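**Q** My questions will all concern the structure given below.
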Amino acid sequence: MIIKAARHVTPAHKALALLASLILALGTLLPTDQPSSPRILSTAGSSFADTVSQTQKADVRNPQNPTIWKVEPGDNLTYIFKKNDIPETELQNMMLADTQFLDLETLQPGMEIGLDFNDNGKFSRLILFRDPARRIIYTRQADGSYQHQSETENTYWVSEVHRGSIKGSFYQSAQQSGLNDAQIADISHLLSYQLNFRRDLRAGDRFNIVIAREMIGQQFTGKTKIEAISLKRRHQTHYAFQFKDHFYDRQGLSVTPAFLRWPTLKRYRISSPFNKNRLHPVTGRRAPHNGVDLATPVGTPIVSTGDGVIRRIGNHPFAGKYIDIDHGGTHTTRYLHLHRILVKRGTRVKRGQKIALSGNTGRSTGPHLHYEFHIKGLPVDPVRAKIPTAASVKQQDRPLFTQQVEQQMAVLEHASDVSELLALKTEQ
Ligand SMILES: [Zn+2]
């Protein structure tokens with residue numbers, strides 16, 4: 001009901017809504033330890049990169065003043081330790097403590113590392129400054145082992161609007177509005193289920209993108225996230241709103257399908273299609289082939305194509321090791337001939353979560369994955385079936401979602417009149 005009302009608001013109402021959303025954003029969401037005046041941020045964007053490169057890290061630096069090593073291209077930890085006269089055994093012990101985290105794998109040129117030594121000049125601590133708000137600390141224990149610790153400062157998010165119109169490709173136009181490649185790829189993916197970017201866009205079509213930047217004090221941490229998208233074509237406007245780490249349209253329906261088309265991360269050749277009247281390659285009898293066979297080598301990661309619960313796990317003389325997943329009653333998926341199963345019966349899984357490694361178990365002519373998609377208990381062609389897209393905002397989240405969408409709509413629709421700060425909010 002509220003959504004419907006929002007569609008028919010007058011411009012005056014919209015202006016009021018924008019004002020209200022700004023007051024709300026500035027008044028209730030401003031952290032008490034931040035200055036009470038809004039930070040006015042230019043949407044031009046490029047000035048941020050400069051600010052970050054000149055960043056002083058004094059606020060996150062350890063009070064004992066560690067030696068700071070700025071990582072250059074080609075640097076690795078062995079070299080850095082050698083240059084600082086730290087025994088190699090220390091590095092080995094530190095790597096052992098890092099096994100479950102793999103944070104030491106993330107050394108990148110420009111990154112800073114702090115090296116601490118105790119009063120006897122013995123190495124005692126390594127600090128990895130990941131960004132102005134995050135650091136990883138490895139502290140040497142009395143027995144020579146290391147303790148891994150991760151610290152994050154309180155940050156907040158500042159929103160800005162990138163807007164533009166289509167001249168040439170969407171990519172070119174979006175780039176001109178100040179968006180980077182990763183953001184453009186995300187936007188294209190999010191709207192790719194509603195329109196074909198190559199075919200459907202015309203010169204002059206307009207877009208507004210709300211991007212949030214993560215800040216600590218006056219510094220940008222380097223992290224951004226997309227909050228809202230509108231793309232206005234002649235007769236239709238497409239929307240995507242971020243809500244609880246997922247994107248929805250104005251009505252609260254997921255903009256990406258509830259199911260993945262393929263149960264693999266990469267695409268594999270179809271070695272045998274879905275066929276209701278197939279001559280079985282092993283038995284020679286006519287029998288339906290209720291799924292699609294993908295030519296996956298043994299050990300290929302297999303993912304659940306939707307959110308669901310592991311209903312059955314088994315080892316069948318013909319199907320081999322298999323998994324059945326229940327996706328909320330109407331839909332079931334099935335994965336056969338597996339080499340290894342990585343989940344247990346009753347486990348809740350997410351769309352895209354790794355559940356098994358493909359294999360060649362049971363009666364099988366060679367390594368492959370047999371994948372089935374059932375609707376109301378009947379197998380359908382997983383390649384051609386209409387994939388349900390109905391994942392939507394949970395009923396109990398509706399009021400909050402509606403409120404956020406109204407705020408974002410006001411921001412998106414007034415973006416062309418408002419050149420500066422549009423919203424300011426915080427995150428714990
Ligand atoms: Zn098969």
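**Q** Among GLU90, GLU105, GLU153, GLU160, which comes first, second and so on when ranked by fewest other beta-carbon atoms within 10 Å?
**A** Ascending Cβ contact count within 10 Å gives the list GLU105, GLU153, GLU90, GLU160.
**Q** Here's a follow-up. What is the mean projected area of the alpha carbon convex hull for segment 322-365, to one decimal in square nanometres? It would help to have the intermediate numbers written out before the result.
**A** Values: hull surface 14.1 nm².
Averaging across all directions leaves 3.5 nm² for the Cα convex hull.
**Q** Another one. Take the eigenvalues of the Cα gyration tensor for segment 62-152, scale each by 5, and report the square roots as semi-axes in whole Å, largest first.
**A** Equivalent-ellipsoid dimensions as semi-axes: 18, 15, 14 Å.
**Q** LYS276: which aspartates and glutamates have alpha carbons under 16 Å from its alpha carbon, excluding same-chain residues fewer than 8 sequence positions away?
**A** The reachable aspartates and glutamates, counting only those whose Cα sits under 16 Å from LYS276, are ASP293, GLU372, ASP381.
**Q** I'd like the Karplus ³J(HN,Hα) series for segment 77-90: coefficients 6.51, -1.76, 1.60, θ = phi - 60°, whole numbers in Hz, and an x wherever there's a Gly or Pro.
**A** Taking θ as phi minus 60°, the curve returns 5, 4, 5, 4, 5, 4, 4, 9, 6, 9, x, 5, 4, 5 Hz for segment 77-90.
**Q** Going by how many other beta carbons lie within 10 Å of each one, how would you line up HIS414, HIS370, fewest first?
**A** Going from least to most buried by this count: HIS414, HIS370.
**Q** Which value results for Rg/Rh of segment 270-380 when Rg is the Cα radius of gyration and Rh the Kirkwood radius based on the inverse mean 1/r?
**A** For segment 270-380, the value is 0.95.
**Q** While we're looking at this one, here's another question. Take SER124, SER192, SER230 and order them by how many other Cβ atoms sit within 10 Å, fewest up front.
**A** Final ranking by Cβ density, sparse to dense: SER192, SER124, SER230.
**Q** Right, here's the next one. Using θ = phi - 60° and the Karplus relation 6.51 cos²θ - 1.76 cosθ + 1.60, list the HN-Hα couplings for segment 115-130 in order, rounded to whole Hz, with x at every Gly or Pro.
**A** 10, 10, 10, 7, 4, 7, x, 8, 4, 10, 6, 10, 10, 9, 8, 7
**Q** P(r) of segment 149-245 in 5 Å steps, Cα pairs, percent per bin?
**A** 2, 12, 23, 24, 15, 10, 7, 4, 2, 1, 0
**Q** On a straight-distance basis, which aspartates and glutamates could pair with LYS83 in a cross-link, Cα separation under 17 angstrom, same-chain partners fewer than 8 positions away excluded?
**A** GLU72, ASP75, GLU112, ASP116
**Q** For segment 270-380, with the dipole built from +1 on Lys and Arg beta-carbon atoms and -1 on Asp and Glu ones, taken about the Cα centre, which of ASN277, ILE310, THR365 lies farthest toward the positive end?
**A** It is ILE310.
**Q** Radius of gyration and Dmax for segment 184-236's Cα atoms, expressed in Å?
**A** According to the Cα coordinates of segment 184-236, Rg and Dmax are 14.2, 44 Å.
**Q** Sequence neighbours fewer than 8 away in the same chain don't count; with that in mind, list the aspartates and glutamates whose C-alpha is under 18 Å from LYS122.
**A** ASP85, GLU88, GLU90, ASP143
**Q** Ok, one more. Tell me, what HN-Hα J-couplings in whole Hz come from the Karplus equation 6.51 cos²θ - 1.76 cosθ + 1.60 at θ = phi - 60° for each residue of segment 147-161, using x for Gly and Pro?
**A** Each residue's phi maps through the Karplus curve to give 10, 9, 8, 10, 10, 10, 6, 5, 10, 9, 10, 10, 9, 9, 10 Hz.
**Q** Something else about it: What nm value, rounded to one decimal, do you get for the distance between ALA385 and THR139 when each label is placed 7 Å out toward the C-beta?
**A** Distance between the two pseudo-spin positions: 5.3 nm.
**Q** Follow-up question, since we're still on this one. Under the rule of at least 5 residues apart or a separate chain, name every residue whose amide H is placed under 5 Å from the amide H of GLU227.
**A** VAL210, ILE211, ALA212
**Q** Return the long-range amide H neighbours of HIS289 (sequence gap of 5 or more, or a different chain), with a cut-off of under 5 Å between placed amide H atoms.
**A** Long-range HN contacts for HIS289: ASN275, LYS276, ASN277, ARG278.
**Q** Report the equivalent ellipsoid semi-axes for segment 107-189 in whole Å, largest first, defined as the square roots of five times the eigenvalues of the gyration tensor built from alpha carbon atoms.
**A** Those come to 44, 13, 11 Å.
**Q** Kindly provide log₁₀ I(q)/I(0) values, in the same order as q = 0.14, 0.24, 0.25 Å⁻¹, from the Debye equation applied to equal alpha-carbon scatterers of segment 301-344.
**A** -0.29, -0.81, -0.87
**Q** Here is a further query. Beyond 20 Å, what share of the Cα-Cα pairs of segment 197-325 is found? Please give it as a whole percent.
**A** Above the 20 Å cut-off, segment 197-325 has 69 percent of its Cα pairs.
**Q** Another one. Working out 0.36 nm times the residue gap between ALA287 and ARG348, then minus their Cα-Cα distance, what length gain in nm do you get to one decimal?
**A** Full extension from ALA287 to ARG348 adds 18.7 nm.
**Q** Amide H of SER392: which non-local residues (sequence gap of 5 or more, or other chain) have their own amide H closer than 5 Å, using H built in the peptide plane?
**A** SER254
FYI, it's all coordinate maths here, none of it is from the lab. Please read all numbers here as calculations on a predicted model, not as lab measurements. Quick reminder, even Gly has a Cβ in these numbers, built from the backbone with ideal geometry, and neighbours come from all protein chains shown.
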